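Report on the structure given below.
The values are calculated or read from the model by the stated rules, or taken from the named source; none is laboratory data. Keep in mind that this is a model prediction, so the values were computed, not measured. In this analysis, Cβ positions are derived from the backbone assuming ideal geometry, glycine residues included, and neighbour counts consider all displayed protein chains.
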Amino acid sequence: MPLLGAHESVSKGIHFAFDRIARVGGESLQIFTRNQRQWTPKALQPEEIKNYRENWAEHGKMIVASHASYLINLATAKEELRLKSIAAFRAELQRCHELSIPYVVIHPGSHGGDGVDSGLERFITALDEAVGRADSDTMVLLETTAGQGTSLGSRFEELAFIRDHSRFQDKIGICLDTCHIFAAGYDIRTQEAYAETMTRFDRTIGLQHLHFFHLNDSKKDRGSRVDRHEHIGRGCIGLDGFRWLVNDGRFSNHPMTLETPKGDDLQEDIENLRILRGLIAP
């Protein structure tokens, strides 16, 4: 069975994310290690690291991924933004290393109108600089995107190009977001469509490089290139798309976390996880 979980808040302290994921019955976790809307958050303090490690151990050392700040754009042509993005991502890698977080998810960024080829080249150069300067063994997971605006990463070929041309291939994997690939044009609603999409992924990138999933339904239809997450089964993907995924034996023991809308009481996470588990065949 896959390790179903959710992205949880680190309000009041990063270690409290484990209490929240336990409340919803999750088996994997995604967090922000710092406020994702700040360029230069303060470094982790020894007490924070201690509390995080203790709570992590109490909750079975479940698989955790960090999501990098949305401010970061390693594909930008603007020099000031490029330097800030490299520094911020290097700091994120360092925090993940200090917390023993195995994965950090990052969007491939936006080319800003210069074209996909230019954006990919800049992203690879900046990514390699950040990884090369960080003292971290955390794996970077490139997230599939919806292709909204001038964002990169909506085609499997773009993600493959990044990985193939990086100096740090062994430190780069993929995070697949169901809403994003659907909005980008890949279909998973029928068993045949799901099989075809996964075959295309395998041929282009390789399923062995797929380490993490974001499970989100889509408010917008296939090929819309609009990134709008919806609760499981309530969007344009529908329940069957998730049924094929959670029953795919190739991804047993893979972490799959929700990024669906929710309030402070976490009831939405509880319900979405209940629905996903109900799709798993006995």
Consider A160 carefully, then state whether it is over 17 Å from H214 (Cα atoms) and either among the hydroxyl-bearing types (S, T, Y) or modelled with pLDDT of 95 or more (or both).
-> yes
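Inside the range 38-58, can you point out the residues that are basic (K, R) and surrounded by 12 or more Cβ atoms within 10 Å (Cβ to Cβ)? Walk me through how you get there before you give the answer.
Initial filter on the range 38-58 (basic (K, R)): 42, 50, 53.
Selection gives R53 alone.
So, in the range 192-210, of the ones that are surrounded by 20 or more Cβ atoms within 10 Å (Cβ to Cβ) and touching a residue at least 40 places away in the same chain (Cβ under 8 Å), which residue ends up nearest to R163 (Cα to Cα)? Break it down stepwise before answering.
Here is the first cut: in the range 192-210, the residues surrounded by 20 or more Cβ atoms within 10 Å (Cβ to Cβ) are 194, 197-198, 201, 205, 210.
Next cut, touching a residue at least 40 places away in the same chain (Cβ under 8 Å) only: 194, 198, 201, 205, 210.
Details: Y194: 24, M198: 18, F201: 14, I205: 9, L210: 12 Å.
Of everything passing the filter in the range 192-210, I205 is nearest to R163 (Cα to Cα).
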Test each condition in (1) in contact with a Gly (Cβ under 7 Å, 6 or more places away or on another chain); (2) assigned to a helix (DSSP H, G or I) for L142 and report the one that comes out false.
-> (2)
Those residues that are within 21 Å of A195 (Cα to Cα) and touching a Lys or Arg at 6+ places or on another chain (Cβ under 6 Å), I need them from the range 218-236; list them, please.
-> G235
Could you tell me which residue of the range 220-261 is surrounded by the most Cβ atoms within 10 Å (Cβ to Cβ), considering only residues that are free of Cβ contacts under 8 Å to residues at least 40 places away in the same chain and part of a loop (DSSP other than H, G, I, E, B)?
-> K220
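Name the residue, out of I181, I188, I174, that is more than 13 Å from the chain's Cα centre (by Cα), at pLDDT 95 or above and either part of a loop (DSSP other than H, G, I, E, B) or not aromatic (F, W, Y) (or both).
Details: I181 fails: more than 13 Å from the chain's Cα centre (by Cα); I174 fails: more than 13 Å from the chain's Cα centre (by Cα).
Within the list I181, I188, I174, the selection yields I188.
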Any idea which residue in the range 161-171 is surrounded by the most Cβ atoms within 10 Å (Cβ to Cβ), counting only those that are in a helix (DSSP H, G or I), in contact (Cβ under 8 Å) with a residue 12 or more places away in the chain and in contact with a strand residue (DSSP E or B) (Cβ under 9 Å, 6 or more places away or on another chain)?
-> I162
Are any residues in the range 172-191 surrounded by 23 or more Cβ atoms within 10 Å (Cβ to Cβ), touching a His at 6+ places or on another chain (Cβ under 6 Å) and more than 21 Å from D221 (Cβ to Cβ), and if so, which ones?
-> I174
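Considering only residues that are free of Cβ contacts under 8 Å to residues at least 60 places away in the same chain, part of a loop (DSSP other than H, G, I, E, B) and crowded, with 21+ Cβ neighbours inside 10 Å, which ones fall in the range 72-126? Write out each step before concluding.
Residues of the range 72-126 free of Cβ contacts under 8 Å to residues at least 60 places away in the same chain: 72-74, 76-94, 97-98, 100, 102, 104, 106-126.
Filter again for part of a loop (DSSP other than H, G, I, E, B), leaving 72-74, 76-78, 100, 102, 107-109, 111-115.
Once the filter is applied, which keeps residues that are free of Cβ contacts under 8 Å to residues at least 60 places away in the same chain, part of a loop (DSSP other than H, G, I, E, B) and crowded, with 21+ Cβ neighbours inside 10 Å, the range 72-126 yields I72, N73, L74, T76, H107, P108, G109, H111.
Quick check: is even one residue across the range 133-148 among the basic types (K, R), surrounded by 15 or more Cβ atoms within 10 Å (Cβ to Cβ) and farther than 20 Å from S252 by Cβ? Walk me through how you get there before you give the answer.
Of the range 133-148, the ones among the basic types (K, R) are 133.
Now restrict to residues that are surrounded by 15 or more Cβ atoms within 10 Å (Cβ to Cβ): none.
The answer is no, given that none of the residues of the range 133-148 is among the basic types (K, R), surrounded by 15 or more Cβ atoms within 10 Å (Cβ to Cβ) and farther than 20 Å from S252 by Cβ.
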Scanning the range 8-37 for residues that are out of contact with any Leu (no Cβ under 8 Å at 6 or more places or on another chain), without any contact (Cβ under 8 Å) to a residue 40 or more places away in the chain and in a loop (DSSP other than H, G, I, E, B), which turns out nearest to H211 (Cα to Cα)?
-> F32
